[in-house]
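Let me begin by presenting the structure, written as structure tokens, before commenting on it.
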């Protein structure tokens with residue numbers, strides 16, 4: 001027996017049993033209370049069965065024709081509203097997920113910003129170097145100095161340095177000031193800057209120790225040609 005036939009039999013039994021029960025009770029009532037004969041009781045039994053069937057058909061027609069369509073319409077409306085709200089929430093969440101940058105994107109953006117800032121700072125320092133040293137050095141020497149400064153901006157001090165020569169008009173304090181200015185622009189430690197200029201200007205600073213340069217590089221003197229300038233890295 002298929003599941004569908006089982007359902008049909010169950011539904012019919014649920015309909016038939018109450019109908020027969022009501023008809024039987026009515027027949028017994030007509031015989032015991034109304035004192036009718038057996039034939040009249042059977043007629044009442046049949047009429048009761050017919051009335052129950054008619055009432056069931058009327059009820060079923062009303063349910064199927066009016067109530068169920070109305071309930072289905074309401075359910076469809078509520079379902080449509082729920083689906084629309086769900087879609088809106090999903091769209092909002094999706095947009096937020098799409099607009100939310102990943103860790104790698106954020107990291108790359110910050111790294112790119114720092115790289116651009118470092119390049120701009122280096123360019124300002126090189127411009128300052130060219131403007132300051134052009135009258136005290138030859139072209140080849142100045143080019144090497146700018147190359148060393150570029151390396152210094154990326155680390156502590158260049159690995160290999162061939163000292164550059166400067167005009168005797170520049171005193172040791174001038175070279176110290178120059179070193180302090182570019183070190184300040186790059187945000188370097190004093191000891192690193194002192195070591196750098198000691199190696200780059202080894203000829204002019206041959207008799208001065210790194211520790212002395214570190215200590216005196218930010219001192220001022222009235223007759224120096226290169227002044228202290230801590231704003232080179234901030235020039236627009």
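Please find, among 171, 198, 216, 188, the residue that is within 43 Å of the chain's Cα centre (by Cα) and touching a residue at least 12 places away in the same chain (Cβ under 8 Å). Explain how you work it out, then say what you get.
Values: 171 fails: within 43 Å of the chain's Cα centre (by Cα); 198 fails: within 43 Å of the chain's Cα centre (by Cα); 216 fails: within 43 Å of the chain's Cα centre (by Cα).
None of the others qualify; the one that does is 188.
Listed by first and then second residue, the pairs with beta-carbon distance under 8 Å, at least 6 apart or on different chains, first residue in region 103-115 and at pLDDT below 85, second assigned to a helix (DSSP H, G or I) and surrounded by 10 or more Cβ atoms within 10 Å (Cβ to Cβ), form an empty list.
The values are calculated or read from the model by the stated rules, or taken from the named source; none is laboratory data. Here the structure is a predicted model, which means the values were calculated and not measured. As a convention, Cβ positions derive from the backbone with ideal geometry for all residues, glycine included, and neighbour counts pool all protein chains shown.
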